[in-house]
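Here, each number is a calculation from the coordinates, and none is a lab measurement. Being a predicted model, the structure only gives us computed values, none of them experimental. Methodologically, a virtual Cβ is constructed for each residue, glycine included, from the backbone with ideal geometry; neighbour enumeration extends over all protein chains shown.
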Amino acid sequence: MKGALAAMERSDYQTANSIFRNLIDSGQPLPEEMPYYFSETLFHLGQFDNSQNFVNKYLELTGFNGQNYEYAVRLKEKLKEPLAQIIACELCDRRGYRYAPCPLCDGNKQVEQACAYCKANGVVGCSRCGASGMLKKLNIFNIVEFFECERCTGKGRLSCSSCGGSGKEVSACKNCEGSGKTASADLCSHAEHTHPDPTKK
């Protein structure tokens, strides 16, 4: 952990972040004060939700006895404003990461796919006549007579009721759960993107 603390001393929080994550991934027992230092690093990197998780974990593990207890309490206080901004922002998720158009539905909230009911054929067999187009009945003389199926007009097939005969069906995108957006890897500034006007110099 000394390397991470040295990186924090020179405000190199990216390096500190990498070292802390390597420590966590190593599976080795972590130093008691490590969660606090990691939360401080994450705060400086703008990862406020994650910072809150680690400072809470630090206080849970060490209580009033932690060497950095007072600093942890101050950090929790500093986190209140940026966390409130995240909650109020409609441009990012609850962790503070900017929304981007869903890559699967391209932001349209829905996806078009082959109809599962008719297997993209657009037609299904008529259930009344067993797809034969004909119905058989016994007349009063107990003789079998055949009649054209009224439901499918003798074709034995019907337009698929699920897709209306198109062979395709539209459903809510499962990747984004119909929202049209997914969180990106970019932290949100809580401001709309602005594009410079090319006509102005």
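The angle between the Cα long axis of helix 48-62 and the main principal axis of the chain comes to about 60°, on a 0 to 90 degree scale. Amide hydrogen proximity for TYR99: with H placed 1.01 Å from N in the peptide plane, the residues at 5 or more positions away or on another chain lying under 5 Å are CYS92, ASP93, SER184.
The phi torsions of region 111-126, fed into the Karplus equation with coefficients 6.51, -1.76 and 1.60 and a -60° offset, translate into couplings of 10, 9, 8, 4, 5, 6, 6, 9, 6, 6, 7, x, 9, 9, x, 6 Hz, rounded to whole numbers, with Gly and Pro shown as x. For the chain, find the longest principal axis of its Cα atoms and tell me its angle to the long axis of helix 34-44, 0 to 90°, nearest 10. Taking the Cα atoms of the chain, the angle to 34-44 is about 80 degrees.
Evaluated with a Cβ-only charge set (Lys, Arg +1; Asp, Glu -1), region 1-56 carries a dipole of roughly 120 debye about its Cα centre, given to the nearest 20. Computed from Cα positions, the angle between helix 13-26 and the longest principal axis of the chain comes to roughly 70 degrees. Rounded, prolate or oblate: which fits the chain when a ≥ b ≥ c are the square roots of the eigenvalues of the alpha-carbon gyration tensor, with rounded for a/c under 1.5 and prolate only if a/b beats b/c? Prolate, because a/c is 1.5 or more and a/b exceeds b/c.
Each residue of region 7-12 is assigned a 3J(HN,Hα), and the resulting list reads 5, 5, 4, 9, 6, 9 Hz, derived from the Karplus form 6.51 cos²θ - 1.76 cosθ + 1.60 (θ = phi - 60°), x at Gly and Pro.
Annotation: lysines with alpha-carbon distance below 20 angstrom to LYS80 (same-chain offsets under eight excluded): LYS57.
Look at the dipole of the chain built from charges on Cβ: of ASN17, VAL144, GLN67, the Cα furthest out on the positive end belongs to VAL144.
Computed from phi, the 3J(HN,Hα) profile of region 170-179 under the Karplus parametrisation 6.51, -1.76, 1.60 (θ = phi - 60°) reads 10, 9, 4, 5, 6, 5, 10, 6, x, 8 Hz, with x in place of Gly and Pro.
Report the net charge of residues surrounding MET34, where surrounding means a beta-carbon distance below 12 angstrom and charges are Lys +1, Arg +1, Asp -1, Glu -1. Combined, the nearby Lys, Arg, Asp and Glu give 0. The residues THR15, THR41, THR182, THR153, when put in order of fewest to most other Cβ atoms within 10 Å, stand as THR153, THR15, THR182, THR41.
Database remark: amide H of MET134 closer than 5 angstrom to the amide H of CYS149 (H placed geometrically; neighbours at sequence offset of 5 or more, or on other chains; Pro and chain starts carry no H).
Rank these for me by crowding, SER161, SER18, going from fewest to most other beta carbons within 10 Å.
Exposure proxy ranking, most exposed first: SER161, SER18.
Pairs of Lys residues in region 83-178 that lie 8 or more places apart, or on two chains, and have C-alpha atoms under 17 angstrom apart add up to 4. Close amide H partners of VAL123, meaning residues 5 or more places away or on another chain with modelled amide H under 5 Å apart, are CYS160. Annotation: peptides 67-75, 49-57, ranked by per-residue average of other Cβ atoms within 10 Å with the highest first, follow the order 49-57, 67-75.
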